[in-house]
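This report concerns only the one structure given below.
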Amino acid sequence: MGMKAIIMAGGEGSRLRPLTCGRPKPMVPVINKPIMLHIVNLLKKHGFNNIGVTLQYMPEAIRDYFGQGAYNGVNLQYFIEGVPLGTAGSVKNAEEFLDQTFIVISGDALTDLDLTQAVNFHKQKGAIATLVLTRVDAPLEYGVVITDESGSVQQFLEKPSWGEVFSDTVNTGIYVLEPEVLSYFQQQQKFDFSKDLFPLLLAKGLPLYGVTLPGYWCDIGNLQQYLQAHNDILSGQVKIAMPGRQISPGVWVGENTEIHPSAKINSPVLIGDGTKVGAEVTIDSYSVVGDSCIMGTNTSIKRSVFWNNVNTRAAVSSSGAVIASRVQLHNNASVFEGAVIGSDCIIKERSLIKPDIKLWPQKTVEAGSIVQNSIIWGTRQPKRIFGLEGVSGLVNIELTPEFVTKLAAAYASTLGSGAKVALSCDTHTASDLFKKAAYCGLQSAGVEVIDLGTGITPMHRFALRKYKFTGGIHFKLSPRQSDAVNIIITNEKGSNLSRNKERKVENVMAREDFRRADTNSLLAGRFVPAVPDAYLESILQKIDKVSVRNAHYKVVAAYDHTTLERFVKPLSENLNLEIISLNYDQEAQGWADRQKILPRLTQTVVEQKAAMGFVLESNADRIILVDNQGEIIQEDLLTALIALLALKSQDGPVIVPVTATKAIDSMAEKYAGKVVRTKTAVQDFLELLLKEEDRDGRKEDSFSQFLMNFDGLFALGNLLGFMSAHNVTLADLKDEIPAFFMDKKDVSVPWEAKGRVIRRLIGEKATGDMELLDGVKVFHPNGWTLVLPDPEEPVCRVFSEGVSMEVAQSLSDFYIDKICNIVGDKVDDKIIGDEKVVG
């Protein structure tokens, strides 16, 4: 009977909608045949004739097409899940069928990898499980697998961030397995191969291997990859049998197809069976036309994929689009780049479908219409919406009210029933505009909207925790660009959404599959009064107010009066502060520009013999301090100062980013404390801070690392309270921090080279001790260097600390040389940023 295989064919293919509306992903056609048929043919080629197929979503569609497999020269058996059981759980359903070494392969990916080589490797190694791996340029959306030189698996990373990209070898979802692996979990238990079974086998020390094979592999995870897969096949990058006959180089045509003599076909092109290509039609390179289509006179098709039974009338134009089955395109209709038209749609004459628009099946576009928004509800969106500071964009260019409404609806669609979402914004008009748009999006999804009014980010985070809302959205003017807005989406703890939650929101946006409430389910919103007052009171509860009042501190301040005056003034009055306010509102156009006021601030602090000076970011997320001697305390030095206060004020661990100075470790030894480092992303830092505070059950008046790092007003008040209670100056505290020297540089690295850079750096372990918490951190006798790929830009950030500034800079230069050698560019052309920090 030949070797046995399992095809996992339960996928719904939600990211390929509207192409998968009404069909499972394995049945989506690639070069006019279901994806799964290419997998069946690959298995047959390598001697796997006895094939089990696991089904869950729309199983009848697959069973009806393939039957028992006789037509394709194989024997097929089907195993249906009643409920989703995970990848391993679904294969467990077929346990009785699997009585020998077998291969598992996805039924909805496209590949030509050598399965025979994988089986031979598996048997040679005596493995219990072998993962087939491949190299990809950008591994963010895949499970990364790290192996040693022998192929033995060392570590798994499921959909890593750039800081976790330690290899560019990813899991293809193809596995060679021994039947005994299925004995490690129960029938009907939800269990995944990559998340559950393989880590379990690794932990047990069983022979788990990975083999990296050359060849083609694409999981066709989105619409762009779907088009790209066709381009790759037509350009000969995939070893796959082309249907039809080649009538000229690079032009394949099916049976009973008629092509008018005046039609122009530019290779490479595939045209299916029974299609009629009319007069003066142009089918340009990298186009696929399905079976039984009719191409009317003067139709122009460029880099497009047409499914079966598409009917175009005269002078239709399609460029870079996907047109599903039975679509009618009437005279002079045009469909542009990235657009997807679902099955059974009718596009009437002179209609224009704009780029990246998606039409769900059975929609009609009336004559002369210009479709600028998807039907059903939706518009084109980039795949990755979230960045370093939530969602950011230029007002009414990159961020529009329509976009924000849909973003809010997408967020609401990821929440459970009975959700309460809080909205707030700063005092700027653009922020208020988008807050109103978000109100509509949330309400349309059946969420109860809680209006917190105008305020600042720390106030918003406070309200989420105090009033126990499900989540929230805060809008603020961007600290980087005065014509841009940041949208901070928060969870029930007031923290930024985790990356997993961000991806869920992005997936809803990509699918444009928003939850909509009916009339009876729409909920009225409500306004919560006096939130700013409650927020300020919460700060004052955590400060030794009496000692601060008695100290009667003189403080020089620079802040955005429009947004912050309502907070700074009552706080200073309650603490009996003498505020000397520098008038700088008109000259401030962003956080970087606000730092230009620092020379004037330091001069004023010294001249006025003030206790300190400070600059607040316009939403009080960040603060810069100036001590009583005119020394500036910001970024790394501020992190060290907060760590010092934490060590003096609490018993728990001090939590700092992986980029923080080793001086903090020295202070921790002095105070018998512990340092815990976290990833640099805001959500990772926030999550760990809040988790530690929740674990300790902190009292209202206790020290809060969370607030010290993310609430400038609290940091100011708490610092003054500590100074007054212990009769010390800010300069005294700064002097307790051991000297440190740090160098920061940015080096240009193309997106496709980032995985290679990190993999090569990890491979050079002899250089020094290594830490892989976030990026690659290498320790040397006189310092350390961290290489961290940026998630938003084609750069790697290089952080170094040394026993002197010269050592720190030499370490940075050493690793920049390495990176440039890996990428293959000149060093001078690659360095795009340089910053030195002396503490």
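The values are calculated or read from the model by the stated rules, or taken from the named source; none is laboratory data. If you're wondering where the values come from, they're calculated on a predicted model, not measured in any experiment. Positions of Cβ are backbone-derived with ideal geometry, glycine not excepted, and every protein chain shown enters the neighbour counts. Ligands, DNA and RNA are excluded from the accessible area calculation, which covers all protein heavy atoms including side chains. Shrake-Rupley method; radii C 1.70, N 1.55, O 1.52, S 1.80 Å.
When the test is whether a residue is farther than 28 Å from residue 129 by Cα and open to solvent by 20 Å² or more (accessible area, probe 1.4 Å), residue 4 does not pass it.
Working only within region 5-35, note down all residues that are in a loop (DSSP other than H, G, I, E, B), farther than 23 Å from residue 45 by Cα and of a type in the set (S, T, N, Q). Within region 5-35, just 20 meets the criteria.
Considering only residues in region 516-544 that are touching a Gly at 6+ places or on another chain (Cβ under 9 Å) and not hydrophobic (A, V, I, L, M, F, W, C), the one that is surrounded by the fewest Cβ atoms within 10 Å (Cβ to Cβ) turns out to be 518. Pairs meeting the criteria (first residue in region 413-427 and touching a residue at least 12 places away in the same chain (Cβ under 8 Å), second residue of a type in the set (D, E, K, R), beta carbons under 6 Å, at least 6 apart or on different chains) are 413/515; 414/504; 420/448; 423/435; 423/451; 425/432; 425/435; 426/476.
Just to be sure before I move on: is residue 78 within 32 Å of the chain's Cα centre (by Cα), more than 24 Å from residue 215 (Cα to Cα) and of a type in the set (Phe, Trp, Tyr) in the structure I sent? In short, no.
Against the conditions (1) at pLDDT 90 or above; (2) touching an Asp or Glu at 6+ places or on another chain (Cβ under 6 Å); (3) of a type in the set (S, T, N, Q), residue 41 satisfies every one except (2).
Residue 834: exposed (fewer than 15 other Cβ atoms within 10 Å of the Cβ) and at pLDDT below 95, yes or no? Criteria met by residue 834.
Got a sec? Which of 378, 342 is crowded, with 17+ Cβ neighbours inside 10 Å, at pLDDT below 85 and either over 30 Å from residue 501 (Cα atoms) or not polar (S, T, N, Q) (or both)?
Working: 342 fails: at pLDDT below 85.
Residue meeting the stated conditions: 378.
Within region 778-803, being open to solvent by 40 Å² or more (accessible area, probe 1.4 Å) and part of a loop (DSSP other than H, G, I, E, B) holds for 781, 782, 791, 792, 793, 794, 803. Looking only at region 749-777, which residues are buried (at least 19 other Cβ atoms within 10 Å of the Cβ) and within 17 Å of residue 822 (Cα to Cα)? 749, 753, 754, 755, 757, 758, 759, 761, 775, 776, listed by residue number. On the stretch given as region 168-217, residues that are open to solvent by 60 Å² or more (accessible area, probe 1.4 Å) and within 27 Å of the chain's Cα centre (by Cα) total 2.
Of all the residues in region 1-21, those that are among the basic types (Lys, Arg) and closer than 23 Å to residue 325 by Cβ number 2.
To keep it simple, each residue is scored yes or no on (1) over 30 Å from residue 410 (Cα atoms); (2) hydrophobic (A, V, I, L, M, F, W, C).
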{"residue": "301", "(1), (2)": "yes, yes"}
{"residue": "310", "(1), (2)": "yes, yes"}
{"residue": "315", "(1), (2)": "yes, yes"}
{"residue": "325", "(1), (2)": "no, no"}
{"residue": "350", "(1), (2)": "yes, no"}
{"residue": "364", "(1), (2)": "no, no"}
{"residue": "385", "(1), (2)": "no, yes"}
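Taking region 475-569 and the helices (runs of 4 or more DSSP H) fully enclosed by it, the elements with 1 or more residues that are at pLDDT 95 or above, under 18 Å from residue 710 (Cα atoms) and touching a Lys or Arg at 6+ places or on another chain (Cβ under 7 Å) are at 531-541.
Scanning region 219-228 for residues that are within 17 Å of residue 12 (Cα to Cα) and of a type outside the set (Gly, Ala, Ser) yields 219, 220, 222, 223, 225, 226. Taken as a whole, region 63-80 holds no residue that is in a loop (DSSP other than H, G, I, E, B) and touching a residue at least 40 places away in the same chain (Cβ under 8 Å). Considering each residue of region 578-601 in turn, at least one proves to be at pLDDT 95 or above, open to solvent by 50 Å² or more (accessible area, probe 1.4 Å) and more than 20 Å from residue 633 (Cβ to Cβ). Against the condition of a type outside the set (Ser, Thr, Tyr) and free of Cβ contacts under 8 Å to residues at least 24 places away in the same chain, how does residue 251 come out, does it pass? Here the answer is yes, as residue 251 does meet what is asked.
Listed by position, the strands (runs of 3 or more DSSP E) inside region 226-339 whose residues that are in contact with a strand residue (DSSP E or B) (Cβ under 9 Å, 6 or more places away or on another chain), open to solvent by 10 Å² or more (accessible area, probe 1.4 Å) and more than 24 Å from residue 371 (Cα to Cα) number at least 3 are 245-248.
For region 604-619, taking the residues that are polar (S, T, N, Q) and either farther than 18 Å from residue 578 by Cβ or in a strand (DSSP E or B) (or both), the one that is modelled with the lowest pLDDT is identified as 618. Within region 345-361, restricting attention to residues that are within 19 Å of residue 296 (Cβ to Cβ) and touching an Asp or Glu at 6+ places or on another chain (Cβ under 9 Å), the residue that is least open to solvent (accessible area, probe 1.4 Å) is 351.
Within region 261-279, residues that are in contact (Cβ under 8 Å) with a residue 12 or more places away in the chain and under 16 Å from residue 305 (Cβ atoms) reach partners that are assigned to a loop (DSSP other than H, G, I, E, B) and among the β-branched types (Val, Ile, Thr) with beta carbons closer than 6 Å, at six or more positions or on different chains, in the pairs 270/31; 271/257; 275/257.
Of the listed requirements (1) open to solvent by less than 10 Å² (accessible area, probe 1.4 Å); (2) over 23 Å from residue 518 (Cβ atoms); (3) outside any helix (DSSP H, G or I), residue 449 misses just one: (2). You will find that of 732, 817, 746, the residue that is surrounded by fewer than 21 Cβ atoms within 10 Å (Cβ to Cβ), modelled with pLDDT of 95 or more and not in a loop (DSSP other than H, G, I, E, B) is 732 and no other.
A count restricted to region 59-75 and to residues that are crowded, with 19+ Cβ neighbours inside 10 Å and either of a type in the set (Phe, Trp, Tyr) or within 31 Å of the chain's Cα centre (by Cα) (or both) stands at 1.
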